[in-house]
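The values are calculated or read from the model by the stated rules, or taken from the named source; none is laboratory data. Quantities reported herein were computed from a predicted structural model and do not represent experimental measurements. Here Cβ is always computed from backbone atoms with ideal geometry, including for glycine, and neighbour counts include all displayed protein chains.
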Amino acid sequence: MKCDDFLNLLEAYVDGEVGEHESERVRTHLMTCSSCETEFEALTAESELYARYDRELQISPAAWNGISARIATDSSAVEPRERRDMRGWFAGLFAVPRLGFAFSGALAVLLAMFVVGYLYFRAQPNQRLLVAGAKDVRPGSSPISVQPQRSVTNSGEVTNPENPPPDQSTVAASGKEPRRPRAIPDDPGVLFTDAAYTDMEDRDTASHLDQAQKLLVSFRSLPADDEQEIDVSYEKTESRRLLNENVVMRRDAEATGKFPTKSVLGSLEPFLIDIANLPDKAPASDVRQIKDRVQRSEIVAELRSY
Amino acid sequence: MKRLAAREISLEGRPGAFAGSLMNSSADLVSRACRGDQEAFRLIFERYSRPVISFIYDQVSDRELAEELMQETFVRAFRSLKTLRSETKLSTWLFGIAKNVARESLRARIRQNQHVDLDDQQVLDLSDRGPVPVSQLLNKELNEVVQRALALLDEDKRLVFTLKVFQQCSYEEIAEITGFSIPKLKTDLHRARTEMRQRVGQYVRA
């Protein structure tokens, strides 16, 4: 074994960390190697120096008193396990949860979505109402609620809807599920079932008739003096769209007893049908024929006066 | 003659029959202390308070702080006595707690921008007076030299050096206390010895 290897082993030997066999080898080498002997002497001398190292530390009696007092405090703080568990459970009910970063982020996104959604629907109340009304749309019926002509009180008495008994909700007599009453802020205590929907229905009808009137005016202005084909594709498309609306509105008006509305819609409908059935390149004679009917029937004036 | 003395010193580090009887006794004290016997814990304190405070002092170089941290060590030990495994030596376990307490304190002092290490110049100033034979060196001066040399070691080396040289822990025990591997602690110990020799060696050779 070389001296370098012994020097590495020497510290472990001084530390008492080598086995008996290794110790014997180190002792044998030390008797024959003066440099390793010198190193061993140095390590031994240092060990003696460190053994004389006195930190002059005094442990005051107060040290144990301090420890004892703190231990006693800990002991007195120990409570019956059941009581501690109950208290912990109760405290847990009101504890603020520790939210991880991911969970907090998801919560923030959800909150932001909720706020944006709330602001969006608040800014467009009419659309929200339309969406709500659309739930009741059935083929052949209006998406807007049906105003019952007669109501039945809770006692079963049949009353006129124009004079409902005070403080009593109306029930739809048509057998349909009654619509949830809506409170009107301007007149608290008075409940209406279809007021808002009726207003909307009127507005929709007015808008529909206005568009139809413009269509007819536009159609009436078409140049049909010569025999050339006339491009009526726009009027045709528009007429088909209005025809679909017209059918629905007319039926609703009939169902709700709005006979003037039903009458004007009924007058309009044949014109819409005629225009809708024209080819895109309509013969001038056909266009003139419709124009003459529009002129004669004064349908445009009727629509304007609605 | 010196060789014999060295062997006697080295033997102190070996766990022998006497150490075994002490360990059994410590186990009994631990068992009683776990049942809430404060008197048993007081005996543990009396037995281990001096090595623990010495070890802490070597790390922090402050007497008052060392006593304070020793109290903290024993309070923590009492609180976690039930976690002490039967195969773990009580002194090793206590040194482990003391190491954590001392390190926390050192970290806190570093955060407060307090320099723990002593200035190298202080040691040089002391040595400028010329080497004095160990036999003639006053104990007080010797203590200052060793203490300042220790303070100049880095934390890991100081930890390993004090546990081996002053507390006579085995390599396995040091590994258990510090969490270091045996090769690392051997390397740290060798480097610590080399550095210490540079600072105190002149007093040894003179």
query: without any contact (Cβ under 8 Å) to a residue 40 or more places away in the chain, assigned to a helix (DSSP H, G or I), closer than 14 Å to A:Tyr53 by Cβ and within 11 Å of chain A (Cβ to nearest Cβ): does that describe B:Val200?
result: no
- request: Can you tell me which residue among B:Ile110, B:Ile97 is in the same structural domain as B:Ser49 (by TED's automatic domain parsing), out of contact with any Cys (no Cβ under 8 Å at 6 or more places or on another chain) and at pLDDT 95 or above?
  value: B:Ile97
message: Against the condition touching a Phe, Trp or Tyr at 6+ places or on another chain (Cβ under 9 Å), in the same structural domain as B:Tyr48 (by TED's automatic domain parsing) and either of a type in the set (A, V, I, L, M, F, W, C) or modelled with pLDDT of 90 or more (or both), how does B:Ala77 come out, does it pass?
response: yes
- prompt: Restricting the search to the range B:159-168, which residues are out of contact with any Asp or Glu (no Cβ under 7 Å at 6 or more places or on another chain) and more than 10 Å from chain A (Cβ to nearest Cβ)?
  reply: B:Leu159, B:Leu163, B:Gln167
Output for the range B:67-82, where each listed residue is more than 7 Å from chain A (Cβ to nearest Cβ) and in a helix (DSSP H, G or I): B:Glu68, B:Leu69, B:Glu72, B:Thr73, B:Arg76, B:Ala77, B:Leu81, B:Lys82
message: I'm told A:Ala255 meets every condition in (1) in contact with a Phe, Trp or Tyr (Cβ under 8 Å, 6 or more places away or on another chain); (2) among the small types (Gly, Ala, Ser); (3) surrounded by fewer than 17 Cβ atoms within 10 Å (Cβ to Cβ) except one. Can you identify the failing condition by its number?
response: (1)
- request: Considering only the range A:34-115, give the helices (runs of 4 or more DSSP H) lying wholly within it that have at least 3 residues that are within 60 Å of the chain's Cα centre (by Cα) and modelled with pLDDT of 85 or more.
  value: A:61-77
query: Which condition number does B:Ile174 fail, the rest of (1) part of a helix (DSSP H, G or I); (2) modelled with pLDDT under 95; (3) within 12 Å of chain A (Cβ to nearest Cβ) being met?
result: (2)
query: Of the residues in the range A:259-303, how many are under 14 Å from A:Glu238 (Cα atoms) and surrounded by fewer than 16 Cβ atoms within 10 Å (Cβ to Cβ)?
result: 4
- prompt: Across the range A:202-232, what is the number of residues that are part of a loop (DSSP other than H, G, I, E, B), small (Gly, Ala, Ser) and buried (at least 21 other Cβ atoms within 10 Å of the Cβ)?
  reply: 1
query: Of all residues in the range A:49-67, which are facing another protein chain (nearest Cβ under 7 Å) and either surrounded by 15 or more Cβ atoms within 10 Å (Cβ to Cβ) or among the hydrophobic types (A, V, I, L, M, F, W, C) (or both)?
result: A:Leu49, A:Tyr50, A:Ala51, A:Tyr53, A:Arg55, A:Leu57, A:Ile59, A:Ala63, A:Trp64, A:Gly66, A:Ile67
Pick from the range B:30-45, criterion of a type outside the set (Lys, Arg) and within 8 Å of another protein chain (Cβ to nearest Cβ), ranking: surrounded by the most Cβ atoms within 10 Å (Cβ to Cβ): B:Phe45
- prompt: If you go through the range A:1-46 one residue at a time, how many are under 23 Å from B:Gln198 (Cα atoms), touching a Ser or Thr at 6+ places or on another chain (Cβ under 8 Å) and surrounded by 16 or more Cβ atoms within 10 Å (Cβ to Cβ)?
  reply: 3
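Listed here are the residues, each with its yes/no results for (1) of a type outside the set (A, V, I, L, M); (2) crowded, with 21+ Cβ neighbours inside 10 Å; (3) closer than 21 Å to B:Thr88 by Cβ; (4) at pLDDT 85 or above.
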residue: B:Lys2; (1), (2), (3), (4): yes, no, no, no
residue: B:Phe18; (1), (2), (3), (4): yes, no, yes, no
residue: B:Ala27; (1), (2), (3), (4): no, no, yes, no
residue: B:Ser54; (1), (2), (3), (4): yes, no, yes, yes
residue: B:Asp58; (1), (2), (3), (4): yes, yes, no, yes
